[in-house]
Amino acid sequence: GPARRRQPRTAWLLARWPDADRAAWEQARSPGGLLDDAGLAAAWRPATVNGALAVYGRFLAFLDRDGLLDAAQGVGNRLTPEVLTRYVAQLQAVSAPRTVASYVVMLDMVLRALAPDRDWSWLRRATRRLLHRAEPSRNKRARVVPAVDLLKLGLGLMREAEAGSGLSRKDRLLLFRDGLMIATLISRPLRQSNFLGIEIGRQLLPVGAGWSLVFAAAETKACRGMDVPYPPELAGALGHYLRIVRPGLLALGRKRFPHGRAGDLPAGQRLWVSVNGTALRKTALDNMLAKRTTARFGHRVNTHLFRDCAATSIMAEIPGQVRIAARVLGHATLQTTERHYIVANTRQEVSRHQKGVLARRR
């Protein structure tokens, strides 16, 4: 598509919001009491709250930048059809269609919480049109790879690290860690925040001769607890990582930065750590996956795409077992799995069905 112009994406922090908007936010987040109802945003999860703050803060920054922000104006009067048209045009100059639609969907949700007495039906109609018109900016089907190939990549990297021919100690440690992360992620395709947040003794627990991954309901997007065994075939590799690789990375970090690095998250009991001896960040995980998967498959397979690969492989190898895919991904409903994650080749499925029909006839 045409190159998008760079425009400021600064979002106002809550402290900078106009008084009326901050008061409306506090009311929306209020848990309520004996005499008053809870706000519409009172039960939002932390990730939703952070997303709402960012989206509305960006909207306020846009209003200020375009001379449309009137601090004395009521919160419900800030967005009109004309203002939305102008805002969407600016978003479309810097973001993909689906991203723009997601911003407006979140803005709709925030405004309904901040100004619940307003009629926002027109905004809902606009969001539906944006979602309908949004086309994927990338061909997801072309980027999905079989789960078994991702597992082979992870196992291969660990074998290469153990062979260690011509590699420095740091490279061997990183190679093994990367391989284990890839193998774990495709075997247990967790969401990125859960994957990076695994702590030894909290989410990663010893059970008999193996391990379990345990997440409380409050830690998952679907608000459903998760207790699954860590892949038994990777238990030996995990043990080596915990005994040798992880301590080695932490030691390298202490040597490089004896007093730590400002802004880095301490490793603590986090399972995945960096060569700096700190908890692995989202950016570092993204960069690692881009490097390892591009070298193998010719394109990047990011954390979220691992979930697509897992679900699609299940449906391709075990036709009709969408329930298994839903459980693996931790979805509350089958519709979520089918709508967002399963991109199995239609021709392959039709061919398999036809063979089954012919077999029954014979």
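Of note:
- For Val273, the residues whose amide H sits under 5 Å from its own are Leu280, ignoring neighbours fewer than 5 places away on the same chain, with H placed 1.01 Å from N.
- Looking at the stretch 115-223, the trypsin sites (Lys or Arg not before Pro) that sit in a DSSP loop and have at most 12 other Cβ atoms within 10 Å of their own Cβ are Arg138.
- 14 Å beta-carbon shell around Arg22, net charge (K/R +1, D/E -1): 0
- For His259, His299, the ranking by accessible surface with the largest value first comes to His259, His299, using a 1.4 Å probe.
- Among the listed pairs Lys221/Lys255; Lys152/Lys255; Lys255/Lys282, those with a Cα-Cα distance over 30 Å are Lys221/Lys255; Lys152/Lys255.
- Near Ser212, the amide H atoms lying under 5 Å from its own belong to Leu205, Val207, Tyr230; only residues 5 or more places off or on other chains count, and H is placed 1.01 Å from N.
The values are calculated or read from the model by the stated rules, or taken from the named source; none is laboratory data. As the structure is a prediction and not an experimental result, all values here were calculated from the model. Positions of Cβ are backbone-derived with ideal geometry, glycine not excepted, and every protein chain shown enters the neighbour counts. What goes into the accessible areas is simple: the full protein's heavy atoms, side chains included, and nothing from ligands, DNA or RNA. Shrake-Rupley method; radii C 1.70, N 1.55, O 1.52, S 1.80 Å.
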